[in-house]
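Working notes for the structure below.
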Amino acid sequence: MIRVDGKVIDLIEKIRKALKMNQMAGEDFPIDEIYNLIEYTLGESFWNCVGSQVNDGFENMPAIYRECLEKAIEREDMEECSRILYLFECTYRGLYAALNEEERIFREKPYRKMIIDLGTMNSQIQYRLHKERQKGMQESKEGKFLGVGRGVVYTYLLEEGGLNQPQEVNRQLDYLCFTNKKEKWGKKEGVWEYRPVEMAEGEEELLLESKCKILAHRLVKEYDYSIWVAQDVIIVGDAVRFCEVYGEGRSFLSFPSAREDCIYEDMSMAHMATDNININIRKAMMKYRKEGYPEHNGLIDGRVMARCHRDEVLCQMMEEWWKQLRHGYSLKENIFNYLAWKYKFAFSICNLFVYENPYFRIAGIDLDTREEL
């Protein structure tokens, strides 16, 4: 199967995993979204898309699946729901394998609404689970609010590629772009003002972007709070409003990961090589397990992070994140959730799909085909 359809399977597997772990009750089951998914992938919409005439079996299949799911939900039999979804997954795999190349090309088109709906649904599940996990965490007593005081949006410009200009600019914010390209220092491009960033002794150039992302409290310490956006992120809404709506009076805000909810799975240890980097990652995973860090404790998507620089505990966590990164424990971004667990640090995530939402959009992904460009 080509990548775009692998993503459909990934979405179904996420829902089945939530059902298996009793993380989704009947009233939370996304019946409308699942019906649309089956219609787009097996039903009349699918066959019209590939230019073929639908037969009665496939035309009626989405409604039959919906009826079976609704009856299972009425009985509160979530295990049966999982089996029905697995039946759909197997049917879809078999059908797709039988398509010819021309049909596959046409098949890739009607994805945008389906992917956004299911991605949003997954984000909402992760948001509800996150709220439960936060109950034992330490709330800041000093009122370190995001969106209050002097704020900045900042990013880092890699050697290749250009800057994405915001579609909505908030005049309360400054917009800074850090780069090691000396010819750009002190200049402006649209709303972005270029600032220098240089390697310290012993640092590797490939870590410069991570250094900028993690060490906001050092890099833009003259501001009360910052909003980090990766180079491939386009600001499409009011970034201050994002902090106000979803910050919940805390000092850190991000998105739930659209890929995984478990650091151990995200590291994909079973597929690692035996080079020094991967050996260090394995050691880190063993360390986390010995400390009792739980599986499926959530992951953030670090392409967007809002932080209050006046929260000393958060700054300490960022320093440890950077220390682990420099020591080669991980080239991944997602040790933040581990650090928050370790420090019993309360933080916020939103219930939005990071790839497309009212505030930000990822530029390098075409949701019509779900391919990364």
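Every read-out reported here was derived from the displayed coordinates using simple, explicitly stated rules and does not represent laboratory data. For clarity, every value in this text was computed on a predicted model and none was experimentally measured. Note that we place each Cβ from the backbone using ideal geometry, even for glycine, and neighbour counts take in every protein chain shown.
Of the GluC sites (Glu not before Pro) found in the range 209-252, those in coil by DSSP whose Cβ has at most 12 other Cβ atoms within 10 Å are Glu222. Maximal additional length on extending the Lys181-Arg150 stretch stands at 8.5 nm, based on 0.36 nm per residue less the C-alpha distance. Each residue of the range 334-350 was assigned a 3J(HN,Hα) from its phi angle through the Karplus expression (A = 6.51, B = -1.76, C = 1.60, θ = phi - 60°), giving 8, 8, 4, 4, 5, 5, 4, 5, 5, 8, 6, 9, 7, 9, 10, 10, 8 Hz with x at Gly and Pro.
The order of the peptides 336-346, 177-187, 146-156 by mean Cβ neighbours within 10 Å, most packed first, is 146-156, 336-346, 177-187. Amide H to amide H, with H built 1.01 Å from N, Asn297 comes under 5 Å of Ile263, counting only residues 5 or more places away or on other chains. Annotation: amide H-H contacts under 5 Å for Glu189 (H modelled 1.01 Å from N, sequence separation of 5 or more, or interchain): Tyr194. Spatial offset of the range 281-298 relative to the range 5-39 amounts to 27 Å, using the alpha carbon center of each.
At an R0 of 51 angstrom, the distance between the Cβ atoms of Glu74 and Leu163 translates into a FRET efficiency of 0.45.
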